[in-house]
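Only the coordinates and a few stated rules stand behind these numbers; no lab work does. It should be emphasised that the depicted structure is a prediction, and the values quoted were computed from it without experimental measurement. Don't worry about glycine lacking a Cβ; one is built from the backbone with ideal geometry, like all the others, and counts go over all protein chains shown.
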């Protein structure tokens, strides 16, 4: 099964673009998006561990979609703050929010996202090995951005441990990892970040500026082909296609386009989206009310 969806759902700049404005009484953006998509990547868990009550709320709000699976980014303490070893208490904080989703069968993948500065060397391999052991009971996928990891030995090591490799689209500079279609586990994963070269490395760029990019159909077609290639691999059981170019609903637009390209038919889409992106969505999506909660 291939699941498509954006990274995150709580963005003020989606008002009137993805979500209706004014919002109807009792409107819930997560419930609303789960009426169109079968996955959403939880971004907030990168900045702080989720509280168990938050996870339980998320589960209730997607309950109307039996095919829905979350993916979640691991707390940056484990991937970006590597000067000191993590503690048992920090592991417990992460597990408290993720275990409810895992136990409910709603967590499709735990994303270990490393920055470009995480290069392939003995120290980094040891850190990743320890992390994999710490969270071994989770369906793990690993994203690396530096080209030093693009080695057969690394992919074999992931396959030996049943860890999925995240195939990414990003602005490509020197030593950036290029687009791939690798399969190293039962869970296939694709993340597209946009190609905003101007702001990707700009020191003072806000997150919304870095991910402000709308893919054209021509740019997405190769990724639709890679998604199909990953899905057809004998080792693959499910694939997650996540769009992280979230600013002003571009991630939602491009996720729908990718789904349409792979499935070769127009797909249901939120009606407000067509006022901003109707031209690029033409032939790929049709305005439709979400599946009932």
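A few comments on the model shown:
- Taking segment 8-46 as the range and being more than 22 Å from residue 275 (Cα to Cα) and in contact with a strand residue (DSSP E or B) (Cβ under 9 Å, 6 or more places away or on another chain) as the test, the residues that pass are 38, 39, 40, 41, 42, 43, 44, 45, 46.
- In the set 106, 145, 125, 120, only one residue is crowded, with 16+ Cβ neighbours inside 10 Å and over 16 Å from the mean Cα position of the chain (by Cα); that residue is 120.
- When restricted to residues that are within 16 Å of the chain's Cα centre (by Cα) and free of Cβ contacts under 8 Å to residues at least 24 places away in the same chain, segment 169-209 contains 1.
- Comparison of 76, 83 shows that the only residue that is in contact with a helix residue (DSSP H, G or I) (Cβ under 6 Å, 6 or more places away or on another chain), surrounded by fewer than 19 Cβ atoms within 10 Å (Cβ to Cβ) and closer than 22 Å to residue 114 by Cα is 76.
- The number of residues in segment 43-85 that are part of a loop (DSSP other than H, G, I, E, B) and either farther than 21 Å from residue 145 by Cβ or free of Cβ contacts under 8 Å to residues at least 24 places away in the same chain (or both) comes to 15.
- Residues of segment 273-293 satisfying the condition of being in contact (Cβ under 8 Å) with a residue 24 or more places away in the chain, more than 18 Å from residue 8 (Cα to Cα) and surrounded by 16 or more Cβ atoms within 10 Å (Cβ to Cβ): 276, 277, 280, 281, 284, 285
- Subset of segment 30-42 (residues that are outside any helix (DSSP H, G or I) and either in contact with a helix residue (DSSP H, G or I) (Cβ under 8 Å, 6 or more places away or on another chain) or farther than 14 Å from residue 98 by Cβ (or both)): 34, 35, 36, 37, 38, 39, 40, 42
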